[in-house]
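Please read the structure below before turning to the comments.
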C-alpha cells in the first residue's frame, strides 16, 4: 500500500479513498462503515414499509423521496468504489460489485418499467451488502468457524439431502394414491410438498391425511423425520466440535510452523519437532 | 458482617433482618424464602385465574381480596428490605429492587387508573422474583454451567441470528412477490413473520403458500431451516461439552502439569503423580 | 435359590413357578414371557379397536369376549404370581404388583359401573407390563445408558424447565394483553398454552397472533425457542457422550480394580498403578 | 475377472458388458451410469407431471410416449444385465434385480389393468435405482459413516421408539377420554395419531384440544416431546463423533502404539516417531 501512495497526488487520493471505503482500520473507515450500515438498514425498512398497503397510501410520497435519497447515496458510493480501486472492471464484475450495482439499479429501472413489483425484491438484496461490512467486524472469526464446520460436512449433508428427497418422492407418491385429490393430495408434487412440510416437522396443516391408512403412513413419516432430524444436527455438532478443537491454533510448531495440533500433542504431527509447552 | 453487628442495637437488628431476608443459610432465612416462594406462586396463580372471564365473574371479590393481601405482604417485604440494607437507594435502583417495587406498584396504580389491563402483565413480572430465591438453592451450579455455555456461544449465536434474519428478509420479499396479498402474504413484514414461522419449523398454518412456485420456495426454506436448526444445537452442545470439561480443568498435575483429569481422579493419568485434593 | 428348593414339595413347586413367571433364563420362562407379551399387545389392540365406533357396532360381541378372555388370562397370571412369591403382600404393594392388578380390575369394575369410559384408559396401562418383560431382554444395557444420561442431566433439565415456564408465563400474559380475547387469546392460561405450542415449535395454528405487534412478539418467541431447543439437546448429547465414554469399563486397574479410565490413560486415576495396555 | 475373459469370445463380450453396466471405473461404464441416472430422473419427473391433472389433459399423449420410451430403455437395460451376469437367476432374485424388474413391469401391467393408479407408485420406485449408481460415486465414504452411526445406535433407537410408542398409546387413550369425539378425538387410534403429530412437534392443527384439561395434558406432552427429541439427536451425534473418530484409529504409532492421530498427522503426537503412510 505504501508503494502506491508514492505514485502521484491522484493515486494518493485513491489510496486514501480505498482505505476509507474498503477498510475499517482507520476512524474514518469505521465511521464510513457504520454510516453505510445504517443507510442499508433504513433503506430496507423503507422497502418493507412500502409493501404495507395502509402505509403506502398515507406516506407514499415520503417513502418515494426516501427511496431516491438512498439511491443517490448508494449511487455515489458505487462511483466512489469504482474510483477507489485500481482495476474498476474487476471490481464491477466481482460478487460485491454486482450486489452494489443491484442496490441502485431497481430505482432507475422503475422509471422505465413502472409498477414492476419484482424490482422490490432486488432492492431487498441490499441486505447482502451488510455482510461485507460485518465481515470487517469482530464476528469474522466466529463466522469462519461456522463456515468451516458447514463446508466440512458438505458431503454428508448431500447424502442426507438425497436420502430426504428420495423418501419424500416415495412418500409423496404413496400419499397421492392413499389419500387422493379428494383430501387435498391433488398430485404428486403437492404430495411431496406435504411430505417435506411433515418431515421437517413444520406441519402447516393446510393439507392433512384423513383416512386411517394415510394417518398411519403420516405417523411413520413423522417418526422417521424425528430420527432423520438428528442426522444434520449430529453432523454439524461433530464438525463444530472439530472446528473448535482445531482452534488451539495458537500453538504453532517451532520447526515447521504447522498449526492445529491436538491439545494433548507433545510433538508436531508434521515434522516431529517437540512442541512448546507454555502456550497450552 | 461480624463487624456490623457490633455497631449498636439497631444495626444488630438490621444485620439479623438482612440474614433472614437476603440469605438462606439459617433456618429462619430458609423459612422466609420458602414462604415468599409460595406467596409469589399463589399471587401469579391469582393473576392467571383473574384473566379467566368465568372465574372473574364468580370469584371476583375473593380474587380482589387475595390480590390486596399479596400486595400487603410484598409491600411489607419491600419496606423490610429497604430497612435491612445499609444503602437503601442502591438497593432500590438495583435490578431486583425494581422488580420488588413492580410487585406492589400495579395494585396501587389500579386505584388511580381503574381497568388498566396492562398492569396485569406487570404483576406477572413477580415471577422474576422467583429467580432470586432459586439462585440461593442447589440449582446454582447447573444454571452457571448453562449460562457459561450460552455466554461462550454468544458471538456464534449473533452470526447465526444475522444469517437467519437475512434469509428471512429475502425469503419474505420473494414470497410477497410470488404469492401476493391474495394468498395471505399481505406485505413484507407479514411474509417475514411467515418465513420465521416456517424456518423455526413452528408452522402455524395461518398463512400458507398456494401456488406451485410458492410451495417449491417454501420447501427449500424448510429444508434450509433443517440444516440451520442444526447450527445453534451444535453450538450449544459443543459449548456445554466444553463447560463440562473445563470445570475440573483447574486441577493440574503437580508432576507433569497435565490437565483435564476426571472429577474422581486421584492420580495423574499421564505420570501417576498424586493429585492435589483441595481444589476439587 | 438352591436352599429354598430343599424346603419341601410345595416350596420346590413355588421356586419352579417363580423361575417360569419371574425369570427369563429357562426355555419355559422365556416361552411364558413371549406368550404374555403377545397377550398384552393383543389386549391393547382390542381396547383400541373397541374405541372405534364402527368396529364397536359391528364386532362388539367378539371384542367383549376377547376382553374377558384376556382378563381371565391376566387374572390367572396375577394369582400365580401371588403364589410364586414368598411375601405376596410385598409383591401386591410393589409397582408392578399394582400394575398387574390394574390389568384385571377394570373388567370386573365395568360390571359394577357400566359405561365408565375412564376404565378404558386404565386397561391401556397394561402396556406398562411390557416394560417388565422387555427389561429381561437384550435392550437392558442400552436403556441403562439412556437412563444414566437422563439422570445425570436431571438438574440441568430442571433449570431449563423453570426457565421455559417463566418465559411461558410472561409471554402468555403479554400476548393476552396484546392480542386479547378477540383473537383467541381468551385468558392467560390459554395464552400460556399457545406460548408452549409455539416455543416447542409444535405450532398447531388453532390460536395465532393477528396484530402486527403480536406477530412480532411471536417471532421473537419462536427464535428464542430455537435457541432454547438447543439446550436440552446439548445436555443429553453431552451426557450420552459421557455415558458412552465411561463404558470402556473393560479396562480395570490391576491394582485397585477401578474402571472408567479415559481411553488415553496410562496410570490408574485412583491408585496410580500403571494400567495394562493390551486392552486399549 | 481376468480368468473369465479367457473363456471364449462370448464370455469376453459378457465381461466387457459387465464392466460397462455394473462398474464405473472405465469411461464407458461412467458414461453408462450418467446416462442411466438422467433416464431415471426424467422418467420420475414424467410420472410426477402425469399426476398433475392439467398437465395430463394437455400433454397426455407426449407423457404416454415418454413413458413407453423409458420402459423400452429400462427393459433393454434389464435384458443386458441378465446377459452380463454369469448367474442370471441370482441377479433376478437380488434386491436390485427386483427393483430393476419393477422399473419396467408397471407399464406392461397397465395394458392388462387399465387405470390401475397404484402402478404409479411402483414406477416411482425407479428412484431406488439411483442409489446403486450413487453407490459407485464419491459419496460412498460419507454414506458409510452415516450408516455406521445409525447401525451403532440401532439398539438405543429401538428403546427410544418403544418409549415413544408407549407414551403415545397412554396419552392417546387419555386424550380420547378427556376430549372425546366432540373435539375430533374420535377414537384411540386417531388420538394416537394426534399424539404422534404433537410429540414430533409437527403440529398439523387438524385435531386440537379444546378443554382446559386437554390443553394442559397437551402442554405436558409437548414439553416431554422437547426432552425426548433430544435423545435421538444426542445418540446420533455421539455415534457420528465415534464413527468420525474411529476412522483414523487404524493408524497406530509404530514407536509407542498411540492411536487417534489426526488424518494429516505424519509423526506420532506422543513420542515423535514417524507414522506409517500406507494405511491412510
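A few points about this structure:
- Any chance residue B:114 is at negative phi and not in a helix (DSSP H, G or I): yes
A quick yes/no check of all residues on (1) modelled with pLDDT under 85; (2) within 28 Å of residue A:160 (Cβ to Cβ); (3) within 12 Å of chain A (Cβ to nearest Cβ):
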| residue | (1), (2), (3) |
| --- | --- |
| D:72 | no, no, no |
| D:90 | no, no, no |
| D:115 | yes, no, no |
| D:132 | yes, yes, no |
| D:137 | yes, yes, yes |
| D:161 | yes, yes, yes |
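- Residues that are without any contact (Cβ under 8 Å) to a residue 24 or more places away in the chain and assigned to a helix (DSSP H, G or I) within segment A:94-111 comprise A:95, A:97, A:98, A:101, A:105, A:106, A:109, A:110, A:111, listed in sequence order.
- Those residues of segment D:184-194 which are within 11 Å of chain C (Cβ to nearest Cβ) and assigned to a helix (DSSP H, G or I), in sequence order: D:188, D:189, D:190, D:191, D:192, D:194
- Residue that is nearest to the chain's Cα centre (by Cα) [pool: residues in segment C:169-183 that are within 10 Å of chain B (Cβ to nearest Cβ), free of Cβ contacts under 8 Å to residues at least 40 places away in the same chain and part of a helix (DSSP H, G or I)]: C:169
- One residue from C:78, C:91 being free of Cβ contacts under 8 Å to residues at least 24 places away in the same chain and either part of a helix (DSSP H, G or I) or over 27 Å from the mean Cα position of the chain (by Cα) (or both): C:91
- Residue match in segment C:32-45 (condition: modelled with pLDDT under 85 and either within 14 Å of chain D (Cβ to nearest Cβ) or surrounded by 12 or more Cβ atoms within 10 Å (Cβ to Cβ) (or both)): yes
- Inspection of segment A:200-210 finds no residue satisfying the criterion of being within 13 Å of chain B (Cβ to nearest Cβ), assigned to a helix (DSSP H, G or I), crowded, with 16+ Cβ neighbours inside 10 Å and modelled with pLDDT of 90 or more.
- Of all residues in segment D:23-46, those that are on the phi < 0 side of the Ramachandran plot have Cβ atoms under 9 Å from Cβ atoms of residues that are assigned to a loop (DSSP other than H, G, I, E, B) and surrounded by 18 or more Cβ atoms within 10 Å (Cβ to Cβ), 6 or more apart or on another chain, in D:30/D:24; D:32/D:24; D:33/D:24.
- Residue C:236, sole failed condition from (1) more than 7 Å from chain B (Cβ to nearest Cβ); (2) assigned to a helix (DSSP H, G or I); (3) in contact with a helix residue (DSSP H, G or I) (Cβ under 6 Å, 6 or more places away or on another chain); (4) free of Cβ contacts under 8 Å to residues at least 40 places away in the same chain: (4)
- Taken together, the criteria place residue D:197 among residues that are crowded, with 21+ Cβ neighbours inside 10 Å, at pLDDT 90 or above and not assigned by TED's automatic domain parsing to the domain that holds residue D:131.
The values are calculated or read from the model by the stated rules, or taken from the named source; none is laboratory data. On a predicted model such as this, the values are computed, not experimentally measured, just so you know. Note that we place each Cβ from the backbone using ideal geometry, even for glycine, and neighbour counts take in every protein chain shown.
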